[in-house]
Amino acid sequence: MAYKYNILMLNYEFPPIGGGAGQAHYRLLQQYASMTDLKVDVLTSGLNKLIVTERLSENITIYKVGIHKKNLHYWRKIEVLEWLFRAKGYYRRLVDDGDYDLVHAFFGFPTGWLCYRDGKLPYIISLRGSDVPGFNIRLGLDYKLLAGSFRRIWQSASAVIANSRGLQKLALSFMPELNIKVIPNGVDVERFSPSPDKKLSRPLQILTVSRLISRKRIDVLIEAVAKMQQGGLDVCLNIAGEGNLLGNLQKLSVDLSVASKVRFLSRVPNEQMPDIYRRNDIFVMSSAHEGMSNAMLEAMACGLPIVSSSCEGTEELIADNGVIVPQADPELFAQAIKKLADSPEVYLAMSRKASEQAKKFSWHNTAGQYYNLYGSIAKAAKER
């Protein structure tokens, strides 16, 4: 079959490894599977020690480079370097043999580094969050050490794309001279839809879907549960996700005497997530930084009002469908949640607005925007 565009995609994380960026990549590929004039090869990571080849569809092939992963949702620096070392040779072979029009890299680093170093093909970078200086406190020193490399990688790209206006703003504070565009994440509103008899539960069920890492600040939510319990609000916090801070967070819930009110659901299979959202009343997020939260979009599509810290992506997603808490303060989270719990009419109005807002975002639209970008870059490359 003759394809109009032949694309190589890179992502150092891919389900079940990693978090939202891997899930977003997978959702995008599901859209590409129906585009008969588009051929896509994906180079990513896997858990097998060898390189494993999988077919997602007739036009999409996934190559997984096996790495020694200790925790599915937390990247140690040695693991990032291992993937980069193991992937670079395979990347070169794919480029030499693949007749690609361009490369689409999720994350400017480490994946964008392969595109920049090889230099044979035009490439797009999709900024996801941790690859933008200032996003992750844990990586402060790394950002300083790699700043020059980041600038060269971004500057040499044919396009640099952020997934929210907030992330775009953060990226522009690092390289204000670049023309960084925004293509947002999407959501499948057919799979993620509201319960027809939506109403507040007793006890109130609040949900967060998150890796259990420091940037997500789950401790703030557990402390907010303790505040609400002290104030007489019967509430249960449900936490879907895994991470290196699980033990610390479990201990915190015991120390604050709310262990019976905090449920650690571990990693929930994606096919079960629509039911998880529908069984909860409010979605909460306490992150220090986000690109654009896939989980928040899914929760909105299921009719959950949002109570979130102020971070990238929230300005596009939250209007009359939730509350943005100005500081990651347990008392402020507790007050915002209690206000919704005490106002059923306001809650139901926000629930309706949440599902309406989610319909503005779709993976079909996201895929279309990237498809058009591929076309313009491929055309410009042929004209040079």
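Hey, could you check the range 1-40 for residues that are aromatic (Phe, Trp, Tyr) and over 16 Å from the mean Cα position of the chain (by Cα) and say which is nearest to Trp83 (Cα to Cα)?
Here is the first cut: in the range 1-40, the ones aromatic (Phe, Trp, Tyr) are 3, 5, 12, 14, 26, 32.
Retained after the next criterion (residues that are over 16 Å from the mean Cα position of the chain (by Cα)): 3, 5, 32.
Details: Tyr3: 30, Tyr5: 27, Tyr32: 25 Å.
Filtering first and then ranking leaves Tyr32.
So, in the range 224-239, how many residues would count as being in contact with a helix residue (DSSP H, G or I) (Cβ under 6 Å, 6 or more places away or on another chain) and surrounded by 20 or more Cβ atoms within 10 Å (Cβ to Cβ)?
6
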Residue in the range 344-356 that is under 24 Å from Phe135 (Cβ atoms) and either assigned to a loop (DSSP other than H, G, I, E, B) or within 25 Å of the chain's Cα centre (by Cα) (or both) present: no
Hits in the range 223-264 (condition: within 25 Å of Arg76 (Cβ to Cβ) and either among the charged types (D, E, K, R) or outside any loop (DSSP other than H, G, I, E, B) (or both)): Ile239, Ala240, Glu242, Leu246, Gly247, Asn248, Leu249, Gln250, Lys251, Leu252, Phe264
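Go over the candidates Asp255, Asp234 one by one and state the one that is modelled with pLDDT of 95 or more and of a type in the set (Asp, Glu).
Selected residue: Asp255, the only one of Asp255, Asp234 that is modelled with pLDDT of 95 or more and of a type in the set (Asp, Glu).
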Given (1) farther than 22 Å from Pro194 by Cα; (2) surrounded by 18 or more Cβ atoms within 10 Å (Cβ to Cβ); (3) not β-branched (Val, Ile, Thr), index of the condition Phe283 fails: (1)
Scan of the range 23-33 for residues that are modelled with pLDDT of 90 or more and not hydroxyl-bearing (Ser, Thr, Tyr), ordered by number: Ala24, His25, Arg27, Leu28, Leu29, Gln30, Gln31, Ala33
Unmet criterion (only one of (1) in contact (Cβ under 8 Å) with a residue 12 or more places away in the chain; (2) more than 16 Å from the chain's Cα centre (by Cα)) for Phe109: (2)
Val52, sole failed condition from (1) under 25 Å from Ser149 (Cα atoms); (2) touching a Lys or Arg at 6+ places or on another chain (Cβ under 9 Å); (3) in a strand (DSSP E or B): (1)
Members of the range 12-51 that are in contact with a His (Cβ under 9 Å, 6 or more places away or on another chain), within 19 Å of Gln369 (Cα to Cα) and not aliphatic (A, V, I, L, M): Gln31
Test set (1) outside any loop (DSSP other than H, G, I, E, B); (2) touching a residue at least 60 places away in the same chain (Cβ under 8 Å); (3) of a type in the set (Lys, Arg); (4) closer than 19 Å to Thr314 by Cα - Lys181 fails condition number: (2)
Any pair with Cβ under 6 angstrom, 6 or more apart, that starts in the range 131-144 at a residue that is within 16 Å of Glu13 (Cβ to Cβ) and ends at one that is part of a loop (DSSP other than H, G, I, E, B): Asp131/Phe107; Asp131/Gly108; Asp131/Phe109; Phe135/Gly129; Phe135/His289; Asn136/Ser130
Lys382 being without any contact (Cβ under 8 Å) to a residue 24 or more places away in the chain and either closer than 30 Å to Ile7 by Cβ or small (Gly, Ala, Ser) (or both): yes
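If you scan the range 1-22, which residues turn out to be surrounded by fewer than 19 Cβ atoms within 10 Å (Cβ to Cβ) and not basic (Lys, Arg)?
Correct list: Met1, Ala2, Tyr3, Tyr5, Asn6, Pro15, Pro16.
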Test: residue in the range 63-74 that is surrounded by fewer than 17 Cβ atoms within 10 Å (Cβ to Cβ) and β-branched (Val, Ile, Thr): no
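Rundown of residues vs (1) more than 15 Å from Phe109 (Cβ to Cβ); (2) buried (at least 18 other Cβ atoms within 10 Å of the Cβ); (3) among the acidic types (Asp, Glu), yes/no style:
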site: Arg128; (1), (2), (3): no, yes, no
site: Asp142; (1), (2), (3): no, no, yes
site: Leu146; (1), (2), (3): no, yes, no
site: Lys169; (1), (2), (3): yes, no, no
site: Pro194; (1), (2), (3): yes, yes, no
site: Ser214; (1), (2), (3): yes, no, no
site: Asp219; (1), (2), (3): yes, yes, yes
Unmet criterion (only one of (1) in contact with an Asp or Glu (Cβ under 7 Å, 6 or more places away or on another chain); (2) part of a helix (DSSP H, G or I)) for Glu271: (1)
Residue match in the range 322-329 (condition: in contact (Cβ under 8 Å) with a residue 40 or more places away in the chain and in a loop (DSSP other than H, G, I, E, B)): yes
Matching option when the condition is more than 16 Å from the chain's Cα centre (by Cα), of a type in the set (S, T, N, Q) and over 19 Å from Gly19 (Cβ atoms), among Gln327, Gln272: Gln327
Selection status of Ile276, over 18 Å from Lys338 (Cα atoms), among the β-branched types (Val, Ile, Thr) and touching a Ser or Thr at 6+ places or on another chain (Cβ under 7 Å): no
Complete set of residues in the range 291-342 that are in contact with a helix residue (DSSP H, G or I) (Cβ under 7 Å, 6 or more places away or on another chain), over 19 Å from Val209 (Cβ atoms) and among the acidic types (Asp, Glu): Glu315, Asp320, Glu331
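The values are calculated or read from the model by the stated rules, or taken from the named source; none is laboratory data. Predicted, not measured: the structure shown is a model, and the values here were computed from it. All Cβ positions, even for glycine, are placed from backbone atoms using ideal geometry, and neighbour counts span all protein chains on display.
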